[in-house]
Structure formats: structure tokens, C-alpha cells
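Rule-based calculations on the coordinates, nothing more; no lab input. Note that the structure is a prediction, hence the values are computed from the model and not measured. Positions of Cβ are backbone-derived with ideal geometry, glycine not excepted, and every protein chain shown enters the neighbour counts.
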Amino acid sequence: MRKKIVAGNWKMHKNAEQTEDLLNELIAKIPTDTDTNVIVAPTFVNLASAVDHLEFTNIKVAAQNVHQAEGGAFTGEISADMLKSVGVDIVILGHSERRAIFHETDALIANKVNTALEHDMTVIFCFGEELKDRQSANHFNVVENQLKDGLFQIEAKDWEQVVLAYEPVWAIGTGETASPEQAQEMHEFIRETVRKTYGNEVADTVSILYGGSVKPENAKEIFSKPDVDGGLIGGAALKADDFVAIVTAI
């Protein structure tokens with residue numbers, strides 16, 4: 001059975017005090033008996049405190065990135081071992097902002113995936129097409145290539161530690177919106193693409209999250225689609241009430 005997951009990517013928001021305040025709100029408001037896997041991804045400097053703060057809760061902590069090397073002269077970077085040492089064993093990789101702003105290639109992301117898996121971390125693997133790809137009807141090819149070039153080097157056994165997160169970049173902060181039907185269409189395609197390479201067991205058990213501006217108003221309809229197993233939430237994850245509403249919508 002596939003896991004239901006709602007993950008909040010806080011990006012470069014929330015200082016130490018604000019992080020603690022938001023975590024306290026989430027602890028108070030997220031039902032303790034929820035079957036949904038709830039994940040938050042604060043900034044690097046607040047990861048250790050977040051892990052401590054959430055120790056006796058059902059909320060898990062993820063990092064927003066990791067370097068592919070074990071260590072060395074990489075000023076400003078963070079290794080998998082460093083993350084594990086503070087209790088973080090989930091990492092978001094391949095996010096559209098890492099790809100677009102920091103020019104991360106599929107080959108680089110593949111290396112990061114390999115490193116994370118070698119350290120027994122769970123990878124939330126992000127991918128998705130831009131507006132020009134959707135307008136030119138090239139979106140399926142883009143998504144398939146990102147999967148194959150950034151993730152399909154892993155072995156079938158590694159999929160137990162992988163969560164997919166489809167991000168239609170064209171529907172994030174552009175004024176464009178993706179319909180629940182468009183989300184389902186792409187998620188179904190993604191699952192079938194995984195099936196062709198790794199077989200039924202992997203395809204039927206991997207969770208595929210939707211990351212296209214999920215809000216309390218549209219969460220329930222999006223999550224009702226058969227191949228949508230949850231969401232990777234951006235802006236709405238920064239407001240406790242909005243994030244809790246999305247968690248409960250699933």
C-alpha cells in the first residue's frame with residue numbers, strides 16, 4: 001500500500017524563533033492519529049533544533065538539499081553524513097529552483113541521489129516541466145527524461161527509499177493553474193514510466209506527490225485522484241492553518 005505523504009518545503013524562510021513558533025503550531029494542530037506521513041523541511045541552520053523539537057511527535061524533518069561528495073573543500077555545502085549526524089534522514093533533491101536558479105543538471109542530481117541512498121536516506125525526488133514545455137506539448141518527454149537521467153540509475157531495491165514529487169513549474173507562481181485532471185494525467189504517466197523499467201511492484205508502491213501550488217481550497221480534489229499520493233507544499237506550508245488543512249484533506 002502506498003504511503004500518503006504531505007511534505008512542507010520551507011525554502012529560505014523562517015529564522016530560529018519563527019521556526020520554533022511554526023513547529024509549535026503544527027504540533028498543536030496536526031492530529032496525532034493521522035495516517036498521513038507529515039514532513040517539514042526548514043533551512044539548514046534550523047534542522048538540528050527542529051529534530052529535537054519534533055522528537056516525540058509524528059512529524060518528520062527533511063533537508064532541502066545535500067552535496068554529492070562525502071566531504072572536502074566545498075565551502076558552504078552540507079554532506080549527507082552531517083545531516084545524518086543531527087538526525088535528518090530525508091532529503092529533497094532536484095527541486096525546480098535548484099535546477100533553474102542553481103543550474104543543477106540531471107547528472108549532478110543523479111550523483112546526489114546515489115550519495116543520499118548510500119547513506120540510507122529517503123529521497124524526495126523532484127522533477128517537472130516548464131511552461132514552454134507544456135505549451136509545445138513536450139511535457140511528457142521532459143518528465144520522462146528527468147526521471148531516466150536523474151533517477152533510473154538506482155536499483156529496484158532502492159525504491160523503498162524514494163518518493164517522487166512532480167512539480168509542474170508552469171503552475172507555480174505564474175498565474176497559470178493545473179487542473180486535478182492534468183495532475184492525474186501526469187501522475188499516471190509517471191507511474192507507467194516507472195513500471196516499464198522497474199515492474200509492477202515498484203510502480204504500484206512508490207508514492208507520487210503533487211507540487212503545483214497545492215492550497216487548502218484545491219487539496220481535497222487533487223488528492224482524490226487515484227495516482228496522487230500527497231503533496232510537496234511550498235507557500236502554504238509556511239502558515240500552520242493552511243498546512244494542517246492540507247494534511248487533513250488527504
| Residue-span extension gain [residue 197 to residue 85] - 0.36 nm each, minus C-alpha spacing | 36.9 nm
| Between the DSSP loop rule and a limit of at most 16 other Cβ atoms within 10 Å, which chymotrypsin sites (Phe, Trp or Tyr not before Pro) in the range 56-128 are left? | 56, 74, 102
| field | Proximal charge balance of residue 95 [Cβ under 12 Å; K/R count +1, D/E count -1] | value | +1
| Cα-Cα over 23 Å: which of 11/84; 60/215; 112/239; 14/239; 11/60; 84/215? | 112/239; 84/215
| note | So residue 149 and residue 55, fully extended at 0.36 nm per residue minus their Cα-Cα distance, gain in nm 30.2 nm
| request: Would you mind ranking 139, 119 so that the residue whose beta carbon has the fewest other beta carbons within 10 Å leads the list? | output: 119, 139
| field | Given the chain, longest segment not containing exposed loop GluC sites (Glu not before Pro) (DSSP; at most 15 other Cβ within 10 Å) | value | 78-154
| query | Quick one: if you stick a label point 7 Å off each Cα along the C-beta vector at residue 132 and residue 73, how many nm between them? | reply | 3.6 nm
| request: Would you compute, from DSSP H runs of 4+ residues alone, the mean residue ellipticity of the chain at 222 nm, taking -39500 (n - 2.57) per run and dividing by the full residue count, rounded to the nearest 500? | output: -11500 deg cm²/dmol
| request: Only Cα pairs under 8 Å and at least 6 apart count here; give the relative contact order of the chain as a rounded whole percent. | output: 22 percent
| remark: Once both label points are put 7 Å beyond Cα along the C-beta direction, the residue 181-residue 2 separation in nm becomes 2.0 nm
| request: Sticking with the crude label model, points 7 Å out along Cα→Cβ, report the distance from residue 11 to residue 141 in nm, one decimal please. | output: 3.0 nm
| said: How would 67, 95 line up from fewest to most surrounding beta-carbon atoms within 10 angstrom? | reply: 67, 95
| note | the range 37-172, convex hull of Cα, quarter of hull surface, nm² -> 8.8 nm²
